[in-house]
Every structure is written in C-alpha cells, then in structure tokens.
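A quick write-up on the structure given underneath.
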Amino acid sequence: MTDTGTRRKWSQADRSIAAALLRAHLDDDVDALTWIPESGPRVKVERSIAGARTGRRARTRVVPLDVFGKDAGRVVARGANLERCVASTDVLRAWLEQRHELDDVVRALLDSFEELHLLWDLAERMRDAATFSDVARLAVTRLHEVMPSRALALYEADDDGFVRIACSGGEPPERIRRDDPLRRLMRGQSANVIAARALRATGSGLGASARREFAIARLRGSRRTCGWLVATDRLDVRGAAREFSATDRRLCETVASLAATMHESLARAASAREIELAQRVQRALIPTEAPAVAGFQIAFDCAPKAAAGGDFVAFQKQRGGALSAVCGDVAGHDVAAAVLMGATRAALLVAAGEGRRPAAVLRQGARCLHADLVRAESFVCALVVGIDPNAGALTVASAGHPPLFVWTPDDFECIDTGGPILGVDARFPYEESAVALAPGSVLIAASDGVLEAAGKDGELFGENGLKRALDAARPATAAAALLAIQSALSRHAPSAKDDRTILVVRRAIS
C-alpha cells in the first residue's frame, strides 16, 4: 500500500505552479519571493532590475509554511513593505493545502484499488484451493506482498488452541494456547493493533515475536473463532518498522474475513462429502427386499432422519431354511456411525452365518465389537430374530433394543426381553426368548425413533399407536401391516427427530 511515512516530493509541474502564484504577487512593495520546500530545489521569483523602484530600503523576512500541521518549508520575502510580503505567501499556503488534499484523495483511491485488486486476486485463487492450508498460504503470501511486515502468520483452531498453518517472513510461535492472554486484549470486530511491550507484559506466547507492535484479526466463523491472522512489525520501503495504518488494519480484517469464509465453505464441502459417503455406505448395506421364508411373511422399512443414519436391517440365511433377521441402531448420523454400522452388521451376520442361535450371535458380536465401540465412544442397540420354518417358531435376543410386540385380531402383547447395549460389557451372557406366533398374528420390532415419535400434543406414538394402526387395518399380509404402521406414524408425527426402523414378521395362514 502507499507509504505515508516518506517525505513529500514535489514535481517540476508543482514548482512551476508555485512560481506562477508567487510571481503574480510581485509589485512595487514586493521585490522577490523564494519558496524553500522541505525537500528538493528552491523556487525563486523576483522583479526585474528595470522594474524595481530605486531610492528605497528593501527588507527581508522568513515566513515558515505549516500545512495541516506538517512542515512545507518556508518562504523568504524581500521588499519595502513586509506586511505585503507576508500576505503574499497566503496564496501559496492555500494552494499547498489543496495539493495535500488532492494527494490524500489520490492516495485513498490507489489504496482502495490495490485493496480491491488484492481481494479479487485472492478470491480467484482461493476458489481452486483444496484445503484450508492452501487458503492460508495464499492469504499470507499475497498480504505480505502489499503489506510488508517482519512476519505474517495464519493460525487455525484445533482442540488445544490455535496452530500455525502458514507463515511468511519470520518465525512466530507454532501454537497459541486456548487460554493465551491475547484473547483478553482483543476488542470489537475489527483488527486490533497491540504494542509488543503490552503483549509481552501479559505473558502471551506471541509477545517475543515482535519489536514494535502487532496487527491481529480474528477469523470469525458463524459460531466461533476459527483462527487468527497475525502481522508483526509493519515495515516501510527502507525496511524500518513503522506503525500499522488504518488501511493496514482494514486489509488484515478483510483478508481474515475472506479466509474465515473459505474455512466454513471447505468445512461444509467436507461435511457434504462425508454425508454422501455415509449415504452410499448405508444404501449398500440395507437390503432392497426381505428374503422368502416358508410359512412366514417379512416386511421392513429403514428410514434415516438425516441424509444418513445409524439404523440398519439385515438378513442371514441358515441351513435348513432358517433365517436370522438382525436390526441395529448405532449412535450418530455421520460417517463414523456409518462405519460402525457396517462393522456391527458384518460381525452379527458372520456370527449368524455360522449357525449360531440369536443369543449366541449377540455374545459373539459383543466380544468382537467391544474394543472398537469403546475406542469410538459409541454404542449399538441390536436385535436378532431367529425364524425356524420347520418348527413354525421365532426366537429373539436383544441388546438394548426396545420391546417387541405381537398383534393378533384379539390381543396385543408386549415382549420385553434382552440385555445391555453392545459396547458396555464384552462378556455379558445374553439370553433368548421363544415367541409363539399363531397363524395370522404379527411380530413388530420398532426402533426408538418410531416408539418415541411425539405428536403435536406431546403424546408418544408408542405401543398404543402400533395397536390402533393394526386394529384399524386388520392386515392380511406383512406388507399391509407395515403400511398401516407407516401411515399412522406419518399422521401422528410427520417430522422425524430420529431414524425410524420397522421390522414386521407375520405367520402365514395355511
């Protein structure tokens, strides 16, 4: 940016204008006027010898020129009437003031143009940045070109504070602690200029990295401070430290704002990619239809609340025509939940594929998954339903899954069985229960997203909602029973606050 700390240099055109103004005030009382500026050659005008009056005594006076509090040199006036000589310098002073004002306007325009060019160039380059580290390097490099400083650094927030991810110039600290006193010195929304001595006095880790002062701007995200832009010791064209100007502070603030915008944009893009990956994982793992089992009808639905959920349903055929149906609910709705869902599903299906009964499937799954779930600080609710077409019977085992329900045209029974969720006890001795399912009766397994769905009056859908839906529909197939529950649930609570999974098993009427 324009360096306002250098002495003003007057052009030849400036000197010609000054000479014309002074010459216009030469008369019988004023013989000569000489402007000696603060820098550069002097400007002298005088009357010709032929035009000067003779027989009088000429006197000399030196008049200092002070323009807006700055030294503009002095005028040496010579003539018979000193009052007239002094008055003749007022015109030069007025012109110098106008010249200064014009320079300020031009300088402001140039600063604005350079600032806009910098921001346009940064925005264009940042569009192609793949990571925030790329954004940070672009920001400090370009800003350092137009605002030379002893060092420029950009810090990004992490769990322990702020870590330096880009630097141009010197070597400021690699990390700013979350409790660094710097935060207490920052005021308002704009960039702050803080004296190095004041920052050192607080014990801040940044204090020793500057000799004179800092310009510091927050990277303000929509919810929190996501980083800091730190400039140390503004340098002039000679490499000497000088004060940060208002333009410098505005530049720091604007670049920090642009970097914060890119930080959030890249975070949203990364989140969108994670959600897309979680969706692909979930779509690949949820079956499109239930397998056929002699003497039984099976229908299911697994609807995530968000773009990706933690619920799953899977089936594993066993020897002799038997089938294991596995339902689960992994805590969370992100890529981590999707990965855990895949691991849980695989572990339980492998155990079921080895011919284990439902309780043995859960015991094997608990042992295999415990370490991973503890490390991920997560847990899984799971249910295994064994269907034996030869015996016409069901066997169920639960790990923290909500109760099951059996509906018949004349009755509605709640079956509450099972042990703790997976991830709590690797050695828990899960047990199983036999469920007698008469021809025409329906077994319903519903996740907590279904049973705890609240209506406008706050009433939960619960087992009463299931019973009312099936009593009204009197379903003749498992698919009809599933549709009746889905319709009633949508009317009761149209907006889902959690994943909704329903498994329906109906004993066929032979």
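Observations, loosely collected:
- The lone exception for SER265 - which of (1) at pLDDT 80 or above; (2) outside the structural domain of SER133 (by TED's automatic domain parsing) it fails: (2)
- Filtered residue count, region 19-48, keeping only those that are in a strand (DSSP E or B) and either among the aliphatic types (A, V, I, L, M) or surrounded by fewer than 16 Cβ atoms within 10 Å (Cβ to Cβ) (or both): 8
- Taken over region 290-328, the criterion of being of a type in the set (D, E, K, R) and more than 40 Å from the chain's Cα centre (by Cα) is satisfied by LYS317, ARG319.
- Conditions (1) surrounded by 15 or more Cβ atoms within 10 Å (Cβ to Cβ); (2) modelled with pLDDT of 80 or more: number failed by SER16: (1)
- Sole residue being touching a residue at least 12 places away in the same chain (Cβ under 8 Å) and among the charged types (D, E, K, R), chosen from GLU264, GLU289: GLU264
- Region 308-332 residues that are farther than 18 Å from GLN364 by Cβ and touching a residue at least 24 places away in the same chain (Cβ under 8 Å), paired with ones that are polar (S, T, N, Q) and in a loop (DSSP other than H, G, I, E, B) (beta carbon under 6 Å, 6 or more apart): ASP311/SER447; ASP329/SER447; ALA331/SER378
- Picking from residues in region 334-393 that are of a type in the set (D, E, K, R) and within 21 Å of THR501 (Cα to Cα), the one that is nearest to the chain's Cα centre (by Cα) is ASP334.
- From the list ALA272, ALA231, ALA260, the one residue that fits, being part of a helix (DSSP H, G or I) and either modelled with pLDDT under 85 or under 18 Å from SER149 (Cβ atoms) (or both), is ALA272.
- Leading residue by the ranking (nearest to VAL384 (Cα to Cα)) among those in region 439-477 that are buried (at least 16 other Cβ atoms within 10 Å of the Cβ) and hydroxyl-bearing (Ser, Thr, Tyr): SER447
- Region 242-257, residues that are farther than 21 Å from ARG223 by Cα and in a helix (DSSP H, G or I): ALA246, THR247, ASP248, ARG249, ARG250, LEU251
- Extreme residue, nearest to the chain's Cα centre (by Cα), among residues of region 143-167 that are charged (D, E, K, R) and surrounded by fewer than 18 Cβ atoms within 10 Å (Cβ to Cβ): ASP158
- Counted residues, region 361-374 - those being touching a residue at least 40 places away in the same chain (Cβ under 8 Å) and under 16 Å from GLY418 (Cβ atoms): 4
- Filtered by the rule that a residue be more than 40 Å from the chain's Cα centre (by Cα) and assigned to a loop (DSSP other than H, G, I, E, B), region 394-409 gives PRO403, PRO409.
- Filtered residue count, region 199-228, keeping only those that are outside any loop (DSSP other than H, G, I, E, B) and within 18 Å of CYS252 (Cβ to Cβ): 14
- Scanning region 483-510 for residues that are in a helix (DSSP H, G or I) and either surrounded by fewer than 23 Cβ atoms within 10 Å (Cβ to Cβ) or on the phi > 0 side of the Ramachandran plot (or both) yields LEU483, ALA484, GLN486, SER487, ALA488, SER490, ARG491, HIS492.
- Filter result for ALA278 (closer than 23 Å to ALA347 by Cβ, in contact with a helix residue (DSSP H, G or I) (Cβ under 8 Å, 6 or more places away or on another chain) and not assigned by TED's automatic domain parsing to the domain that holds GLN486): yes
- Taken together, ASP425, ASP499 contain a single residue that is in contact (Cβ under 8 Å) with a residue 12 or more places away in the chain, within 45 Å of the chain's Cα centre (by Cα) and within 21 Å of PRO304 (Cα to Cα), which is ASP499.
- ALA196, sole failed condition from (1) of a type in the set (A, V, I, L, M, F, W, C); (2) modelled with pLDDT under 85; (3) under 29 Å from ASP121 (Cβ atoms): (3)
- Scanning region 282-302 for residues that are surrounded by 19 or more Cβ atoms within 10 Å (Cβ to Cβ), farther than 20 Å from GLY392 by Cα and among the polar types (S, T, N, Q) yields a single hit, GLN282.
- Flag if ILE194 is within 16 Å of PHE244 (Cα to Cα) and assigned to a strand (DSSP E or B): yes
- Of GLY418, GLY365, GLY355, all but one fail to be surrounded by 22 or more Cβ atoms within 10 Å (Cβ to Cβ) and either touching a helix residue (DSSP H, G or I) at 6+ places or on another chain (Cβ under 7 Å) or at pLDDT 90 or above (or both); the exception is GLY365.
- Checking PHE68 against (1) within 14 Å of ARG15 (Cα to Cα); (2) among the aromatic types (Phe, Trp, Tyr); (3) at pLDDT below 75, the condition it does not meet: (1)
- Test result for LEU383, aliphatic (A, V, I, L, M), under 22 Å from PHE315 (Cα atoms) and part of a loop (DSSP other than H, G, I, E, B): no
- Taking region 29-44 as the range and being under 18 Å from ALA94 (Cβ atoms), more than 59 Å from the chain's Cα centre (by Cα) and at pLDDT 80 or above as the test, the residues that pass are LEU33, TRP35, VAL43.
The values are calculated or read from the model by the stated rules, or taken from the named source; none is laboratory data. Note that the structure is a prediction, hence the values are computed from the model and not measured. Cβ sites come from the backbone with ideal geometry, for glycine too, and all protein chains shown count toward neighbours.
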